[in-house]
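Trainee: Quick one: the structure is below, questions incoming.
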Amino acid sequence: MNSNKFSNFVLYVLRVLFFTILVVSSVELAMYMTKGMFLFTIIAIFLIIGIGVTLYYMIRKQCSSKNILLFLLAVGFLLRLVWVLSIDNRPISDFNRAYIVAGDFLNGDLSGFRGTSYIARFPHLTGLVLYFAFIRKFFSYPLIVLKIINVILSSSNVLIIYGICRKIFKGSVKKAYYGAFITALYPPLLIYTGVYCTENMAIPFYLLSIYLFISGLSKSKKYMVAAGFVLMIGHLFRAVGQVMLIAYLMTLFIYNKDTLLIKVKKSMCILLAFIIPFVGINSTLKAVGITQFDLWKGSESAWTSVLKGTNQDSWGRWNHEDAVMFDKYENDNEALAKACKEEIKKRLTNTPVSRLVVFYLRKFSFQWREGDFSASYWAVRGTDPDKMVVNVEDRGALAFQLFYVILLILSYLSLYNKKGVLKNPLVMMFYIIFCGYSMLYLITESQDRYSFIACWLMIFMALNNSEDTINIKDRREDISIGVANVIVPTICYYSLTAFKVNYVLSIFIGYIIAAIITFILYRKDIFKSKVDFGVLIKLSISSIFSIIAGILVVYVVVYNGIASKKAAPIPIIILAALINYLVQQFWMKRREEKHEKQIDKPKELV
């Protein structure tokens with residue numbers, strides 16, 4: 001397979017799909033802005049700026065990598081420690097059931113692993129149950145110990161991501177520092193330390209597996225064995241490691257320059273190191289009488305998750321209608337699977353294609369829309385307000401979403417860094433992993449928390465930028481025009497809607513005025529000795545796209561009741577500014593290429 005063609009295909013597809021995430025996340029940001037939360041957000045911004053300035057100063061002063069890493073590790077650890085100690089919460093939902101079964105297990109009661117009990121239906125939670133049981137067995141205050149372990153494991157992600165960045169972006173140690181910096185402050189990785197969920201244990205092993213896999217591409221096969229085994233440990237806690245395995249194999253066969261025989265050997269090392277221990281653990285658990293079912297196949301058919309994922313009324317999320325399907329066929333798994341397949345087929349074949357496209361686009365974008373991946377919700381749910389210093393769900397959502405939207409914008413811009421991908425094709429592995437998890441959650445039941453296991457992908461995507469995608473030097477005129485395209489439509493929108501002018505018409509007039517101002521500012525470039533149609537076309541495309549984006553967002557946000565009219569300009573500002581920036585970058589690149597061709601063109605002999 002031609003690696004460049006495959007990379008281009010993935011990047012082009014993601015440019016379209018990822019934009020929907022940006023739209024929905026921006027609307028979400030607008031909704032949070034109308035709810036206040038500004039005090040927490042301002043404090044968070046100053047804290048991030050303070051840490052960022054300190055990091056910048058340490059880099060400028062050429063402090064040792066050890067000292068910089070210790071600083072970032074200390075920041076990440078202290079923030080997580082302060083957070084988990086500030087809230088007195090308990091395991092809830094699936095985690096509460098696992099915690100209860102762990103206590104029963106210590107008392108010799110194995111009924112939680114039998115029949116149609118929750119863990120028997122979803123045996124992939126067995127690893128979590130045994131982990132809880134171990135902590136409860138040896139510690140008097142297990143919940144505190146679990147939180148402290150979460151803090152340690154989550155803090156270790158700072159070091160691991162730094163190490164991965166050093167492997168991926170070999171020519172830029174700064175990117176490794178930035179990766180560690182983002183990891184230390186990334187809301188989901190921080191807030192989820194206060195939740196008793198499986199991902200806290202799984203993510204460090206997933207990341208360490210990536211580090212070992214990258215090392216194994218250029219070194220001995222023992223690194224591939226280690227990568228497969230470490231991934232298996234993570235899979236025991238959060239059973240979605242198969243996506244990583246597929247991504248490893250695709251990266252190995254598409255981008256690695258080894259011979260086919262070596263590729264096959266390395267792939268077998270990964271697969272066997274993952275499968276053999278996992279099957280061995282599964283067989284041991286069954287042999288000693290702990291579990292009744294295989295870890296990958298419980299008493300409830302996996303088709304029930306796919307069934308929930310096709311429910312259009314719930315947008316592919318948990319719903320009572322599909323949940324009760326198990327009760328109808330409680331003792332007949334084959335009949336349950338058959339009934340689910342028939343209902344899935346009926347839903348997919350009887351629904352118009354256009355409606356299915358809208359359904360799956362919404363499901364995709366909603367899966368990745370939330371800035372903290374619902375960490376705040378899971379942290380404070382069922383907790384007495386008096387037992388938490390700060391209710392992060394009520395006060396922190398705006399700050400978390402703002403952080404995430406900025407990260408999403410950087411991630412989206414990286415999709416246009418084709419030169420960077422050609423020079424360093426290994427970064428494509430992260431886009432492949434993202435595609436894999438996106439497909440998984442399109443097929444199965446969707447929840448914000450489910451994509452938390454892969455939230456770190458945005459960090460690597462955001463770092464995969466270069467001067468081709470982020471360039472603000474010597475661009476004062478372009479920046480001033482971009483500012484005009486943000487401020488003028490916003491002022492027009494608020495002014496005209498105050499006089500009861502139609503929302504769509506208000507934003508349309510705003511962008512028309514902004515377009516006129518833009519053409520006036522660019523008049524010298526357009527009307528030289530002859531008309532420069534290139535500049536004229538660039539400005540026209542930028543204005544037209546901005547108008548279309550503005551009208552669509554206003555229509556979706558206001559007329560569908562998603563957010564108030566006051567919130568509408570926020571996503572418009574973000575999307576229109578991004579569109580303008582991309583058009584400017586594209587045209588500047590085209591002009592540079594044209595100029596280079598003219599220079600390289602041989603002069604005719606007189």
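Trainee: Treating the beta-carbon of each Lys and Arg as +1 and of each Asp and Glu as -1, no other charges, what is the dipole magnitude of the stretch 1-116 about its Cα centre, to the nearest 20 debye? Provide the component values of the computation, followed by the final result.
Mentor: Working: 10 positive and 5 negative charges, 113 e Å.
So the dipole magnitude of the stretch 1-116 works out to roughly 540 debye.
Trainee: If you don't mind, another one. Tally Lys/Arg at +1 and Asp/Glu at -1 over every other residue whose Cβ is under 11 Å from the Cβ of Gly309; what's the total? Please report the intermediate quantities before stating the final value.
Mentor: Working: positive: Lys308, Arg317, Arg347, Lys363; negative: Asp322, Glu445.
Net charge in that neighbourhood comes out at +2.
Trainee: If you take all C-alpha pairs in the stretch 247-384, what percent of them are over 23 Å apart? Please list the in-between numbers first.
Mentor: Working: 5952 of 9453 pairs.
When all Cα pairs of the stretch 247-384 are counted, 63 percent exceed 23 Å.
Trainee: Could you tell me whether the stretch 300-351 comes out rounded, prolate or oblate from its Cα gyration tensor? Rule is a ≥ b ≥ c as square roots of the eigenvalues, rounded for a/c under 1.5, then prolate if a/b exceeds b/c, otherwise oblate.
Mentor: Values: a/c = 2.30, a/b = 1.41, b/c = 1.63.
Verdict is oblate for the stretch 300-351.
No value in this document is a laboratory result; all are computed from the given coordinates. Please read all numbers here as calculations on a predicted model, not as lab measurements. Methodologically, a virtual Cβ is constructed for each residue, glycine included, from the backbone with ideal geometry; neighbour enumeration extends over all protein chains shown.
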